[in-house]
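A short worksheet on the structure shown next.
Please treat every number below as a calculation from the coordinates, not as lab data. All values derive from a computational prediction rather than experimental measurement. Quick reminder, even Gly has a Cβ in these numbers, built from the backbone with ideal geometry, and neighbours come from all protein chains shown.
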Amino acid sequence: MIHTPQTRRRNRVRAAITGVHGYVPDYVLRNAEIAALVDTTDLWIVERTGIKERRILKGEGLGTSHMASAAVKGLLEKTATRPADVDLLICATTTPDFVFPSTANLVCDMVGIRNIGSFDVQAACSGFVYALTIAVQFIAAGNARRIVVVGADKMSALIDYTDRATCVLFGDGAGAVMVEPAPGPHGIIDTLIRSDGAGMPFLHQKAGGSRMPPTAETVSRRLHYVHQEGAAVYKVAVAKMTEVAADLMARNRLTAENIDWLVPHQANRRIIDATAERMGIALDRVMITIHKYGNTTAATIPLCLWDYESQLKPGDKLIMAAFGGGFTWAGVYLTWSSSGNA
Ligand SMILES: CC(C)(COP(=O)(O)OP(=O)(O)OC[C@H]1O[C@@H](n2cnc3c(N)ncnc32)[C@H](O)[C@@H]1OP(=O)(O)O)[C@@H](O)C(=O)NCCC(=O)NCCS
């Protein structure tokens, strides 16, 4: 038999999300508090971004792993999974606790998972969808049966709270999913990841990596914070999130009417609205959490799933669409199969 990409895809073990859990820190940073720090107003932030508040991880010595491990611990409890039963853990993050070791390694230790493969994926705001795509390959190849994928970011560690154009946008949080061979007919049907490194000038952190290691000067010049050219990023984000969703719809012969939920990355409410409008999807079928969490980078999509879990029915058709620094963009088409333990 000749194997085409279609038959190869058909013969693979299908992966499914079988559980979801999230964690956000207690501290609520409201627009009014930001307006006391920089020259902005609640009205400007709400009208231009849709964000009313975001969560911030406070507490000395607490990094991204603190939130990721809380989300993973909750996921293990909720899915009645023993740490020993997990055979791969992937952490998507742009704000790792350390340059090394990976945050995935730390999370495993914190939740009592030992002697398995664990690693970080860095694809900025597309990181969760990238990590989920990797998990799907491990399941398809038969190389893992119970994979934890966690997206977590402590963006407050990288934000300059004197820069009004970025400090209003970001927040901290973590979301985790369990990925297993699909227990029934539903699961992850298609994935798509893309990147274009020419996007670097528009969204990056200038210092702290190998190109510009930290010095007293890089700190005094405030080069360790997120640098963003917002208007340029905005345009590409709408174009690429729409493109990835359209590609998935075309590849899977879907029309807007067939899709039950769009799960978009939460960067700006106007980006979400424009993407949904271009796809022809009504806003009551779009998952939105940006008003209360802001942009939590790799955590936005799993936090959406966590928030909307009680509204999801088996078989619901979901399109995830993400966009982030790099540039990176990515999407997933799946039919919902979670055990319904919301
Ligand atoms: C950052 C963003 C909210 C700015 O909104 P915008 O409508 O594009 O605004 P602009 O960047 O064109 O700036 C317009 C004006 O608002 C000002 N402004 C920016 N932030 C402001 C704030 N918090 N409060 C008040 N004014 C602000 C700018 O300084 C600028 O003033 P100027 O005209 O005097 O120079 C928007 O560009 C955005 O969301 N971009 C994409 C961000 C994103 O998706 N990032 C993550 C990708 S994963």
Query raised in the report: Given 10 Å bins starting at zero, what is the percent of C-alpha pairs of the stretch 41-187 in each, up to the one with the largest pair distance?
Result: 11, 38, 30, 15, 5, 0
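Average the reciprocal distances over every distinct pair of alpha-carbons in the stretch 44-110, invert the result, and give the Kirkwood radius in Å.
The answer is 14.0 Å.
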Report summary line: Computed from the beta carbon distance with a Förster radius of 35 Å, FRET efficiency for L43 and A216 to the nearest 0.05 stands at 0.35
Report summary line: Under Stokes-Einstein, the stretch 167-265 at 4 °C and 1.567 mPa s, with its Kirkwood radius over C-alpha pairs, diffuses with a coefficient in µm²/s of 74 µm²/s
Report task. Count charges around I281 for me, please; just the other residues with Cβ under 10 Å from its Cβ, Lys/Arg as +1, Asp/Glu as -1. Result -> -2
Report summary line: Computed, not fitted: 222 nm per-residue ellipticity of the chain from DSSP H runs ≥ 4 (each -39500 (n - 2.57)), nearest 500, equal to -9500 deg cm²/dmol
Query - Stretchable slack from H204 to A246, in nm (0.36 nm times residue separation minus alpha-carbon distance) - result: 12.4 nm
Requested in this report: Quick one: check the C-alpha center-to-center distance for the stretch 37-108 versus the stretch 245-279, whole angstrom.
Outcome: 25 Å
Query raised in the report: Per 10 Å bin, what is the whole-percent P(r) computed from every C-alpha pair distance within the stretch 140-204?
Result: 14, 29, 29, 21, 7, 0
Query - R0 of 51 Å, Cβ-Cβ distance D160-R253: FRET efficiency to nearest 0.05 - result: 0.65
Query raised in the report: Going by average Cβ neighbours within 10 Å, how do the peptides 136-149, 108-121 rank, with the highest at the top?
Result: 136-149, 108-121
Report task. Provide, for q = 0.15 Å⁻¹, the log10 of I(q)/I(0) from a solvent-free Debye sum over equal Cα point scatterers in the stretch 280-342. Result -> -0.52
Report summary line: Residues other than L75 with Cβ under 13 Å of its Cβ, Lys/Arg counted +1 and Asp/Glu -1, net out at 0
Query - Debye intensity ratio I(q)/I(0), log10, the stretch 104-167, q values 0.19, 0.24 Å⁻¹ (C-alpha model) - result: -0.83, -1.10
Requested in this report: Report, as a whole number in µm² per second, the diffusion coefficient that Stokes-Einstein gives for the chain at 10 °C and 1.306 mPa s using the Kirkwood radius over alpha carbon pairs.
Outcome: 79 µm²/s
